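For reference, the structure discussed in these notes is given below.
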Amino acid sequence: MKTVIEIDNLCKDYMVGFWRPKPQRALNNLSLQVNEGEIFGFLGGNGAGKTTTLKILMTLMFPTSGSAKILGKSIDDLEMRKQIGYLPEAPYFYDYLTAKEFLDYCGKIFGLSNDARNRRINELLKLVDLDFAADRQLRKFSKGMLQRIGIAQALVNDPKIVFMDEPMSGLDPIGRREVREIIRSLREQGKTIFFSTHILSDVEVLCDRVAILRKGDLAGYGKLSELEGSRDATMEISVQGISNENLPHFCAKAQKVVQTASGLQIQIPDQSHIDEILLLVRKYDGKIISINPVKTALEDFFVKEKTSSLTKQALV
Ligand SMILES: Nc1ncnc2c1ncn2[C@@H]1O[C@H](COP(=O)(O)OP(=O)(O)OP(=O)(O)O)[C@@H](O)[C@H]1O
Ligand SMILES: [Mg+2]
């Protein structure tokens, strides 16, 4: 497998404070590799260091120490830069240009010919579902439309690797799904996608591998299924048909019992307690609706103080 992004011990200190600026660490010895053709999720809460990392990779700022390579080349290699695309976190748009004019401008930056630009603009407007607004000025675009034109400009040079800083931000559920489809279709074309997000469900449905940043530190790195293995083993059993007088029997065996309009949600610490609950459900004439593992919210993953065993494995 070919490594196309290689980040090696990257650190970034920002100088904070007006009178006596002091360095504040935003990124701490980040090392990771991304393979060709994968969708790589870069997860982290607000302020974790995602945008900082992406800006360093895009040479929009210098690292304090460490280095990175893209497509085997130093990050400031101009030939390499022609083969990558970037969607910034807060893209700045030329408000008075139409969608078409804006993409045309982006195409010119990459030196595309007139014909190539026209072809590419039409393809991209279709891809991001904005062909209906091709001649509309960007100042008249909604937030979601701006996000999609931002994605289109990141693809104008038909890049081998696409870097996206929160590509789903500002999109409604349908827009999110469409962006997921775009990201999948890019992978089908053999491209590598590196995108940041703070939303676990986005990476769950998309990513081959992920890195999780917590306050500048790498808190997890690997396949999502392996990361999930390191989560809590709590299970949730949904049950119907249990009368109120029998509730205490369940409360005695469960970690938590919640009564909802559709029945009971019973939480147990792990799988070994399932049989006990099933016996009770049968005994008191209930009906099992579902048994599911409770997924630890991403926020919980961020705030865990100790690095998971997976992280340690992945880092050695
Ligand atoms: N220009 C700057 N000067 C000083 N500190 C900064 C600067 N930019 C970012 N930081 C700090 O660096 C840390 C990482 O910020 P960064 O923007 O990389 O986080 P992020 O993961 O992208 O967060 P978000 O999800 O909110 O976009 C934060 O603590 C932030 O306050
Ligand atoms: Mg950010």
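Just a few scattered comments:
- Around the amide H of ARG214, modelled in the peptide plane, lie the amide H atoms of ALA219, all under 5 Å away and 5 or more residues distant in sequence or on another chain.
- Built amide H within the under 5 Å cut-off of LEU27, gap 5+: LYS12
- Percent antiparallel among DSSP beta bridges (both partners in the chain, rounded to 5): 70
- Across the cross-link table entries LYS12/LYS69; LYS12/LYS108; LYS140/LYS191, which are compared at the Cα atoms, the separations over 26 Å belong to LYS12/LYS108; LYS140/LYS191.
- Rounded to whole numbers, the Karplus 3J(HN,Hα) couplings from phi for the range 192-206 are 9, 10, 10, 10, 9, 6, 10, 10, 4, 5, 5, 6, 4, 8, 10 Hz, using 6.51 cos²θ - 1.76 cosθ + 1.60 with θ = phi - 60°, and x at Gly and Pro.
- Per-residue ³J(HN,Hα) for the range 137-142, Karplus 6.51 cos²θ - 1.76 cosθ + 1.60, θ = phi - 60°, Hz, x for Gly and Pro: 5, 5, 5, 9, 7, 6
- Sorted by Cβ density within 10 Å, fewest first, the residues ARG20, ARG187: ARG20, ARG187
- ARG136 long-range amide H proximity, modeled H, under 5 Å: ALA99, LYS100
- Order of SER201, SER262 - criterion: other Cβ atoms within 10 Å of each residue's Cβ, fewest first: SER262, SER201
- Computed from backbone phi, the HN-Hα couplings of the range 75-92 come to 5, 9, 6, 5, 4, 5, 5, 5, 9, 10, x, 9, 9, x, 5, 10, x, 9 Hz, rounded to whole numbers (Karplus: 6.51 cos²θ - 1.76 cosθ + 1.60, θ = phi - 60°; Gly and Pro given as x).
- Counting every other Cβ atom within 10 Å of each residue's Cβ, LEU71, LEU213 order from fewest to most as LEU71, LEU213.
- The range 235-293: C-alpha gyration tensor shape, a/c 1.5 cut-off, then a/b vs b/c: rounded
- In plain terms, the chain is cut at each of the chymotrypsin sites (Phe, Trp or Tyr not before Pro) found in a DSSP loop with at most 12 other Cβ atoms within 10 Å, and the longest leftover piece is 97-316.
- Measure of compaction for the range 96-153 (Cα Rg per 2.2 N^0.38 Å): 1.01
- Descending principal axes extents, the range 1-106, alpha-carbon based, whole Å: 46, 43, 27
Every number in this text was worked out from the coordinates using simple rules, so none of it is lab data. In this text, all values refer to a predicted model and were calculated from it rather than measured experimentally. Using ideal geometry, Cβ is built from the backbone for each residue, glycine included, and neighbour counts are taken over all protein chains shown.
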